[in-house]
Amino acid sequence: MNDLPRTSAGVMRTLPLVTGLVAALSLASQAPVGAQAPVADPAVTMNRARARAMLDRYCVVCHNERTRTADLTLDTLDLMHVGQDADSWEHVVRRLRASAMPPAGRPRPDAGTTRAFVGWLESALDRDGLADPDPGRPAIHRLNRAEYGNAVRDLFDLTVDVNALLPVDDEEEGFDNIADVLSVSPTLIERYLGAAQRISRLVVRDRTLRPVAEIYPVHGALDQNQAVSLDLPLGSRGGVAVEHNFPVDGEYVIRVTLRKQEYGYARGMGQPHRIDLRLDGARLDTFMVGRDWEHGQLPPMGYAGKFEQVYDGSSFPAWERYALNADEGLEIRTTVTSGRHRVGVAFDRRSAVAEGILPLAVDRSSYSYGQDEMQDGNPAISGIEILGPYNVVDASAPTSRNQIFECQPSTTNAEPGCAREILSSLARRAYRRPATEADVTLLMAFYQEGAAERGFEAGIQAAIERLLVDPEFLFRIETDPAGIAAGASYQVSDLELASRLSFFLWSSIPDDEMLDLAVEERLGQPDTLDRQIRRMLADPRSRALVENFGGQWLQLRKLRNAAPDTATYTAFDENLRDAMRRETELVLEAELLDDRPVVNLLRTDYTFVNERLARHYDLPNVYGPHFRRVSLPETRGGILGHASILTITSYANRTSPVVRGKWLLENILGTPPPPPPPNVPSLPSAREAGVPATMRERLAQHRTNAVCASCHSIIDPLGFALESYDAIGRWRATNGGGTPFDTGVPIDASGTLIDGTEIRGLSGLREVLLDRQDQFVDTVTEKLLTYAVGRTLGPGDMPVVRHIARQTSPDQLTWSALITAIVKSPPFLMRRSES
């Protein structure tokens, strides 16, 4: 390792960090002691001879050269040099940790012998793998959509709706920052060009912008009978608050639309309601919608859409004209300064339902609901439309302009020099390295062309547009140093390390402090690296780690597409969906900021709820839309009791022990089951004649097939433990409880694992997982390392994963310790040259 190539003098300073770490890894693998050793039964000793005897007795009967079951030939593999067949042995480790082998019904060793063998095998793999770790060679890494948006924010102090500018990214291993799948298509290039043009004009506040309309819709299932946002005034209900970027000083039209039923009639028009329209909290205007109608003017429910009908000999033209056009005129034209402003619209808190009486749950999927005008209910906001700019004026200098325009030329002759200064600074931050003369010369050519047409600011806008489509901005490019041998491992430069670190923890570009340290070749020094990690985790930008890593590891992003059947789960609405996601994010953020042990996620006795989620959990005395920390009963402790997790692991109209069990195996225990065989039929519905009423009985029928039983005997018991929670994470005591299809059959939330362990309910599942907390920590480490290096991990990475995870006991490994160990690991600090 002392002969590793250096990419710069700075890397020579970093060398002790990596070489010392690799040496420590090697020593640890040769003598795994204490917390670093794999968990094994102290009453059972294992050596190579006993390992071979165990394999021959229990495994080789199926996995041999003749039968080649699962393409695994354990009779020919050499236990003297397990590293030569790491792919096969790592597969064996996973299957044994999952208790998946030998299959149910076949003789198997006792649990102590299995644990001892797995511990011995992992130690042997680690000894071989850590002696010469392969750091991998990530492909050229395109910025994904989230990283692009954050980079624009940090470059220009400008927040843009990146989801509207760029298409969704592909995923691999559950993450959308894996370099191998971040491809480039002609369509994506066109979107980059369009985004660069729009962003550059926003940055310089281009006063030649033509008026455009931006619409902020409100989901039709958002309940607006209560307060919905802390960004709206106290005493308000419903509505929406949006952050809008006004490109220049000028006049804008802000228009409000009302929610309507399927024939276009505004709902809740049976009595008057007041709407307040606000800008940055200050009231711009007040509107009244609805009326006090005289007797006989209001039609009966369900009248809307049936224009030819009459009632008691007269039609209802006044109501019909009003209800069809109720939101005409709900707009204001006002002058707004450039920059980001909050536009809010809400009703005063007036309810058609008496205080303390909850409205009945409604089946929003029904035909009658679609036609209901809800005359005696509350109206709701459908969206905000912002049009402009008109009558542009040149007045303010927003923050982003101050940040970009470091100088202001006083004469025409001073403009090129000032432009060069601005573009040099921008290129340094955008390209994550010192700007070269060639970089600046290229940007200056675009500046000169733009300036010749429309002046200094137009020139800067043209140069920024070019910068935003430069490969040095859009891609994280790491180049092999000159003279490096093919296939050799080397340490990345400090500048490359700065990008790796910032995109890991912030999903964004390095800031000036990191770049300065990298340029001075001090970032890779161990103490400096420690300080930077602590600083970055304390920075608000580290929330990206919660949203992007946490959201993808726990699959929270699936929640936005979850579609519970509203005929079955009438309590589900958009307020609940948003609260579910926010709860899990806040708990993960709190654990990270408090630097708690990683395993604590499984046993947290607190959570964060607002009024909507507290009602879902039957937690008393919680009011309002703001989230606050509360204690949890035993039936909700840990993230596995979160409604977000329970909802994404269910089907639209029922729970799924199979989906929940599979989720646990993949994301908590790190032992994913193999994919199901093709053409497996779905389980029949309990509402069909002759079909067992409970999910447990239907899955028991499914397991009568031996092929199915081999996996379902592992998956199903884990999922059964969560059966006390329905498909939207609500506690239930009976099958179908809380829905119109309650069978009255008590829920049985018990299960027996394949090793004979009995579990019952969430508390029993939690005990089992805490008993195997080393597997949980290994899994989190593997997921986080995958996210950090932006590539899929292979068998050769597992020794590093195990060493990082087992640097201390699983119950003591904190988030900061885990993150620091990952940053200082060979896969993060090093790279393999091209073969």
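The values are calculated or read from the model by the stated rules, or taken from the named source; none is laboratory data. All values reported here derive from a predicted model rather than from experimental measurement. In this analysis, Cβ positions are derived from the backbone assuming ideal geometry, glycine residues included, and neighbour counts consider all displayed protein chains. What goes into the accessible areas is simple: the full protein's heavy atoms, side chains included, and nothing from ligands, DNA or RNA. Shrake-Rupley method; radii C 1.70, N 1.55, O 1.52, S 1.80 Å.
Candidates are the residues of segment 757-785 that are under 20 Å from Leu601 (Cα atoms) and hydroxyl-bearing (Ser, Thr, Tyr); the one that is surrounded by the fewest Cβ atoms within 10 Å (Cβ to Cβ) is Ser763. Considering segment 279-295, and only residues there that are loosely packed, with under 11 Cβ neighbours inside 10 Å and assigned to a loop (DSSP other than H, G, I, E, B), the residue that is modelled with the highest pLDDT turns out to be Asp292. Residue check: Gly112 meets all listed conditions (1) touching a residue at least 24 places away in the same chain (Cβ under 8 Å); (2) small (Gly, Ala, Ser); (3) in a helix (DSSP H, G or I); (4) buried (at least 17 other Cβ atoms within 10 Å of the Cβ) but one, namely (4). Pairs meeting the criteria (first residue in segment 279-301 and at positive phi, second residue part of a loop (DSSP other than H, G, I, E, B) and at pLDDT 80 or above, beta carbons under 6 Å, at least 6 apart or on different chains) are Gly290/Met269; Gly290/Gln271; Gly290/Pro272.
Could you say which residue among Ala498, Ala462, Ala518 is at pLDDT 95 or above, closer than 30 Å to Asp206 by Cα and not β-branched (Val, Ile, Thr)? Checking each option against the conditions leaves just Ala462. A single entry from Ala151, Ala164, Ala196 fulfils the requirement of being out of contact with any Pro (no Cβ under 6 Å at 6 or more places or on another chain), part of a helix (DSSP H, G or I) and free of Cβ contacts under 8 Å to residues at least 60 places away in the same chain: Ala164. Against the list (1) over 30 Å from Cys711 (Cα atoms); (2) touching a Lys or Arg at 6+ places or on another chain (Cβ under 8 Å), the condition Ala749 fails is (1). Taken over segment 497-510, the criterion of being in contact with a helix residue (DSSP H, G or I) (Cβ under 7 Å, 6 or more places away or on another chain) and closer than 12 Å to Arg429 by Cβ is satisfied by Ala498, Ser502, Ser508, Ile509, Pro510. I'd like the residue in segment 706-745 that is modelled with pLDDT under 90, outside any loop (DSSP other than H, G, I, E, B) and open to solvent by 40 Å² or more (accessible area, probe 1.4 Å) and, out of all such residues, is nearest to Gly670 (Cα to Cα). Filtering first and then ranking leaves Ser710.
Return the residue satisfying two criteria in turn: it lies in segment 511-527 and is assigned to a helix (DSSP H, G or I) and open to solvent by 10 Å² or more (accessible area, probe 1.4 Å), and of such residues it is nearest to Ala430 (Cα to Cα). Explain how you work it out, then say what you get.
Let us first name the residues in segment 511-527 that are assigned to a helix (DSSP H, G or I), namely 512-519, 526-527.
Right, trim to open to solvent by 10 Å² or more (accessible area, probe 1.4 Å) and you get 512-513, 516-517, 519, 526-527.
On the way: Asp512: 11, Glu513: 14, Asp516: 14, Leu517: 17, Val519: 15, Pro526: 26, Asp527: 27 Å.
For segment 511-527, the residue satisfying everything is Asp512.
Checking each residue in segment 121-159 for being β-branched (Val, Ile, Thr), surrounded by fewer than 19 Cβ atoms within 10 Å (Cβ to Cβ) and more than 30 Å from Ser833 (Cβ to Cβ) picks out only Thr159. Elements of the type helices (runs of 4 or more DSSP H) sitting completely within segment 586-673 and holding at least 1 residues that are under 30 Å from Pro103 (Cα atoms): these cover 643-648, 657-667. The residues listed here are Glu591, Glu634, Glu583; of these, the one that is open to solvent by less than 10 Å² (accessible area, probe 1.4 Å), touching a helix residue (DSSP H, G or I) at 6+ places or on another chain (Cβ under 9 Å), closer than 24 Å to Ala733 by Cβ and of a type in the set (Asp, Glu) is Glu583.
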